[in-house]
Amino acid sequence: MAGSAYDCLRADILAGDIPPGEHLGEAALAERYGVSRTPIREALRRLEQDGLVERIGRQMHVRLHRPEEILDIYEVRIILEESAGRGAALKHTLLDLGRLERAYEDMRAVDAHDHAEQARTNRVFHERLRDASHSPTLIDLLDRLGDHLRRYPQTTLSHPGRWKAVLRETEDLLTAVRERRADDAARIAAEHMAAARDIRLAMYTAAEEADGGGRH
């Protein structure tokens, strides 16, 4: 039951069904998920360790969106994606390469205005890239960082011109991996993620300014 409560609560937080800053009362959550307070308490403890909820005084709340968090996540992710690109170039198998090529072709087939599908296919490509590195630790760390970024629902791929740039960057990355040019693959992966970071921060700033303008 604790595992089920954890999975359900985690999914609702990542989907935004329970918004940032929301108070997470044990009694209300127990009623919401049809369990006792004990598995809810365990789920909250695990989610606090995951960094998805935070304790404010004696109460638990969904972690707020913060620009400092975005910057921190991306700074770490740039390093890890760089390692994934290098590892994939050095260690990929023919099966890995085939899966990467299929993922890239799926990206190319997406409608230019379907940002949700762009995000999904782009995520699949990066999952295939990290898998091709054959580093369980790297894969685990990138999965965890991905969960944190999912809390910020607006995709950077909706930014004007970004999807075309992503397709070019992905093609260059795939070519470097295929040709086992490890340094180039690492550089392209890092630059790709740095561009996503800059756009994410710009989008966050614009949203904050728009929200502030609405209040005044």
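The values are calculated or read from the model by the stated rules, or taken from the named source; none is laboratory data. Note that the structure is predicted; figures quoted are calculated from it, not measured. Virtual Cβ from ideal backbone geometry, glycine too; neighbours counted across all protein chains shown. All accessible areas refer to the heavy atoms of the entire protein, side chains included, with ligands and DNA or RNA removed. Shrake-Rupley method; radii C 1.70, N 1.55, O 1.52, S 1.80 Å.
Each residue of the range 74-82 was assigned a 3J(HN,Hα) from its phi angle through the Karplus expression (A = 6.51, B = -1.76, C = 1.60, θ = phi - 60°), giving 5, 4, 6, 5, 4, 5, 5, 5, 4 Hz with x at Gly and Pro.
Amide H to amide H distances under 5 Å link MET60 with LEU24, where only residues 5 or more positions off or on other chains count and H is placed in the peptide plane. The residues of the range 91-146 expose on average 56 square angstrom of accessible surface per residue, using a 1.4 Å probe on protein heavy atoms. For the chain, the share of accessible area belonging to carbon and sulfur comes to 50 percent (1.4 Å probe, ligands and nucleic acids excluded).
What distance in nm lies between label points placed 7 Å from Cα along the C-beta direction at ALA202 and ASP143? Result for the modelled spin labels: 3.3 nm.
The label-point distance for THR93 and GLN49, in a model that sets each label 7 Å from Cα toward Cβ, rounds to 3.2 nm. Using the Cβ-Cβ distance between GLU75 and ALA109 with R0 set to 25 Å, the FRET efficiency from 1/(1 + (r/R0)^6) comes to roughly 0.20.
Taking amide hydrogens as placed 1.01 Å from N in the peptide plane, the amide H of HIS134 sits under 5 Å from that of no residue at least 5 positions away in sequence or on another chain. Summarising the label geometry, the points placed 7 Å from Cα in the beta-carbon direction at ARG120 and GLN59 lie 3.7 nm from one another.
Using Cα centres only, tell me the gap between the range 67-94 and the range 120-192 in whole Å. For the range 67-94 versus the range 120-192, the Cα centre distance is 7 Å.
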